[in-house]
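Before any comments, here is the structure.
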Amino acid sequence: MRNFYLLVVSALLISFTVAAQDPAIVTLEIVETPLTSGDLPFTASGQQVWGDYNNDGLLDFFQVSGQGTGAFSGLYKNNGNGTFTEVLTDITMLSLASAVFFDYDNDGNLDLLIAGSVDGTTTAALTELYRNSGAPDYTFVLNESATFVGISAEGGDNSSRLLEAVDYDNDGWTDVFMSGNSGSQWEVSGNSRVVALYRNNEGTFELQTKPVEGTENFVSMNGGGIHCGDVNRDGYIDMIVTGYVDGTVQTVTDLYLNKGDGTFKYFADSRTTFRGHCQGETIFADINNDGWLDIVEVGRDVNQGWASFANLYINNQDMTFTKSDGSVTGLVGGSAVIAAGDLNNDGWLDMVISGWGPNTTFFYNKGNNTFLVKAIDPDRARARAGNVNFVDFTKDGNLDFTIFGYRDGGGGTPENPTWPNFLLKNKLAEGIANNQAPSSPVNVLAKEQDGNVVLTWGKGNDDTTPADALRYNVYAKSKVDGKTFMFFPADAATGMLKAAVNGVRPLISGLTYTFKGFSLADYTFGVQSVDNAHTGSAFAIPSHETSARITQNDLDVMVFGKNGNIIITNRQSEPVSYKVISINGKNLMNGVCYGNDRLELPVTLKGLYVVQTMDMNRMKTDKVVIY
């Protein structure tokens, strides 16, 4: 018994020691000449959004931003060699602006929604939808029939998180949430403050004027931001919005729970649970890796003399939350924007907050609901009143960082810029390995129920992100016209997530999803795992489709072992996803082998390995012995 007691004590001490260790700090390196011609714009007050708009497997970016008369919009194509080329477009230039990539017509091409001010004032707000023409030109064409209320940020220090694109009613068409300043009286609210939901009716958008219980609109506000996520894990996307309401109530944070019938229910404890703010952001993020979305609220409390604050609300899994303020967590508040993602590949969600108060500061997750605080390095990339992103623009599996805005104390020199706009490559640090994609979900099932298709699955696994913390993405592809709905834009063949906004993505938290009005006869389905570094696995298909859709040993792919490497040679033009599994069933590697390509995957131990290769319709399983 004494030996058992000592073992337990030793294990506890080891666990405590590991938990107490500070997270590793990555090295960020500025890409000094990111463009093939010209420089990135000197600007602030807007958004930089990332998306593979031309379907070449590389993340490109679009930026819309500016203050006063300095409106700007620009599209930049990723060349795959560390450089970007600006692409000329007819997209309207806006300031105090926001943007989002999403596929509103399910044709597989990323479309673009932008909102902002035409002339730099708060009275000239505009919202425009641009359709992606697709191959071969991939041009953005204004959809003149799409009518959205025009909104912009209320000022240069306000958040640009004004738009969210997500399917709230599970009908297979991506809808749009908006919050901002309309510049004039909006007929729904009777003032200039906007919180709006536009339902996507198979490619056209309809304003929902009574989305709350079917009787009223969301409480209108501006000056904050809007975000979506499934906070109660019921399979339907919820919405949280923050901002200024009126002279009496002033700043609030309101949470709306999706009822699953096309309407929302107001979370009655919103204003006693959350503090409410302006000039900041409130986001959903699973901080403690339990698979339930927590809430991070950063901003300025107008009700308390514009006091800056940062609160973390841990989800207790019963629609109650445990609050920790900045004195406990280490988070720093103020007029700020947030990006989130696993920057150092330790499996925990980190954050960067940029604005008044925090300036530009990284918060490395310690795993105990507190953070290691680290100012940005190199300092010349420090900025506020702009935008930050965690995004893998180098396609090495690791989250890189981008930032633009105004630099306090800037001298207008290259080493001390006034308006920084930088792309920074994540060089990791000693002892940090490249992030690997998670394994696909297991035991995927699809069944028809009450005129719907219910998709269920078991957890995937990952090299760093715990299985409980993995999130999921699903698709439904029509057998009639080939149109494909992706819950979040992704490449169905490779699993690569095709869009990024700040590193905060409205993915699925649970292990089930209901496709409203779908049938097994008319659609095929898939589900993928996504880790905390926003890397997606290959899509897995339901077992009911396996015999009908997956043909064994029909891929033109060679797999064999040589000199301590697993060799995969893809002799067909289409890419295939691969998975390397150890003899004890552990997933070791995941990835993509592109058409007419050859990969050499080093393995450290001799022995037997199982290698699965798969495209959308076929799968091949090989056994490889490494001597």
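The values are calculated or read from the model by the stated rules, or taken from the named source; none is laboratory data. This structure is a prediction, so every number in the text was calculated from the model and none was measured. Cβ: placed from backbone, ideal geometry, glycine included. Neighbour counts: every protein chain shown. For the accessible areas, the whole protein counts, side chains as well, though only heavy atoms, and no ligand, DNA or RNA atoms are used. Shrake-Rupley method; radii C 1.70, N 1.55, O 1.52, S 1.80 Å.
Of note:
- Using a probe of 1.4 Å, the accessible surface attributed to Val188 totals some 50 Å² when neighbouring protein chains are kept in position.
- Distance from region 61-112 to region 598-627 (C-alpha centre basis), Å: 39 Å
- Kirkwood hydrodynamic radius (C-alpha pairs) into Stokes-Einstein, region 112-184, 20 °C and 1.002 mPa s, D in µm²/s: 159 µm²/s
- Couplings 3J(HN,Hα) of region 496-503, computed from phi: 5, 5, 9, 8, 7, 10, 6, x Hz, in residue order, whole Hz [Karplus 6.51 cos²θ - 1.76 cosθ + 1.60, θ = phi - 60°; x for Gly and Pro].
- Relative contact order (%) - criterion: Cα under 8 Å, at least six apart; region: region 380-443: 30 percent
- Rg ratio for region 280-361: its Cα radius of gyration over 2.2 N^0.38 Å, N being its residue count, equals 1.08.
- Within straight-line reach of Lys516, meaning a Cα separation under 20 Å, sit the following lysines at least 8 residues removed in sequence or on another chain: Lys259, Lys265, Lys447, Lys477, Lys479, Lys483.
- Within the shell of other residues whose beta carbon sits under 12 angstrom from the beta carbon of Arg384, the net charge comes to 0, with Lys and Arg scored +1 and Asp and Glu -1.
- Look at the alpha carbon pairs under 8 Å that are at least 6 residues apart: their mean separation over the length of region 430-529 gives a relative contact order of 37 percent.
- Residues whose amide H lies under 5 Å from that of Ala533, counting only those 5 or more places away or on a different chain, are Asp342; hydrogens are built 1.01 Å from N in the peptide plane.
- Sequence of Lys606, Lys479 from largest to smallest accessible area, 1.4 Å probe: Lys606, Lys479
- Alpha-carbon centroids, region 276-298 and region 383-407: separation in whole Å: 19 Å
- Local net charge near Asp105, Cβ-Cβ under 10 Å (Lys/Arg +1, Asp/Glu -1): -2
- Residue-normalised accessible area of the chain, expressed per residue, 1.4 Å probe, Å²: 38 Å²
- Helix 2-20 and the longest principal axis of the Cα set of the chain meet at an angle near 50°.
- Relative pair counts by distance (%), Cα atoms of region 66-150, 10 Å bins: 17, 44, 31, 8, 0
- Segment Val141-Thr123, length gained on full extension (0.36 nm per residue, minus Cα span): 3.9 nm
- Accessible area in the full protein assembly, largest first, 1.4 Å probe, for Asp342, Asp157: Asp157, Asp342
- Gain upon complete extension [Thr413, Ala307; 0.36 nm per residue less C-alpha separation]: 34.8 nm
- In sequence order, calculated HN-Hα J values of region 86-91 (Karplus, 6.51, -1.76, 1.60; Hz; x Gly/Pro): 5, 10, 5, 9, 9, 5
- Environment charge at Glu216 (Cβ cut-off 13 Å; Lys +1, Arg +1, Asp -1, Glu -1): 0
- Over the C-alpha atoms of region 399-519, the Rg to Rh ratio, Rh being the Kirkwood estimate, stands at 1.13.
- Within a straight-line Cα-Cα reach of under 23 Å, Lys427 can be paired with the following lysines, leaving aside sequence neighbours fewer than 8 residues apart in one chain: Lys77, Lys366, Lys374, Lys395, Lys498.
- For Asp286, residues with placed amide H under 5 Å, excluding near neighbours: Asp294
- Contact order, relative form, for the chain: 11 percent (alpha carbon pairs under 8 Å, 6 or more residues apart, mean separation divided by residue count).
- In Hz, Karplus ³J(HN,Hα) per residue of region 213-225 (6.51, -1.76, 1.60; θ = phi - 60°; x = Gly, Pro): 6, x, 10, 7, 8, 4, 5, 7, 7, 8, x, x, x
- Cα pair distances exceeding 13 angstrom across region 240-293, given as percent: 66 percent
- Ranked by solvent-accessible area (1.4 Å probe, protein heavy atoms only, all chains present), the residues Trp419, Trp457 order from largest to smallest as Trp419, Trp457.
- Using the Stokes-Einstein relation with a Kirkwood hydrodynamic radius computed over Cα pairs, the translational diffusion coefficient of the chain at 25 °C and a viscosity of 0.890 mPa s comes to 99 µm²/s.
- The helix-only estimate of mean residue ellipticity at 222 nm for the chain, built from DSSP H runs of length n ≥ 4 each weighted as -39500 (n - 2.57), is -1500 deg cm²/dmol after division by the residue total.
- Within region 16-127, the ratio Rg/Rh, alpha carbon atoms throughout and Rh by Kirkwood, equals 1.10.
- Amide H to amide H, with H built 1.01 Å from N, Thr512 comes under 5 Å of no residue 5 or more places away or on another chain.
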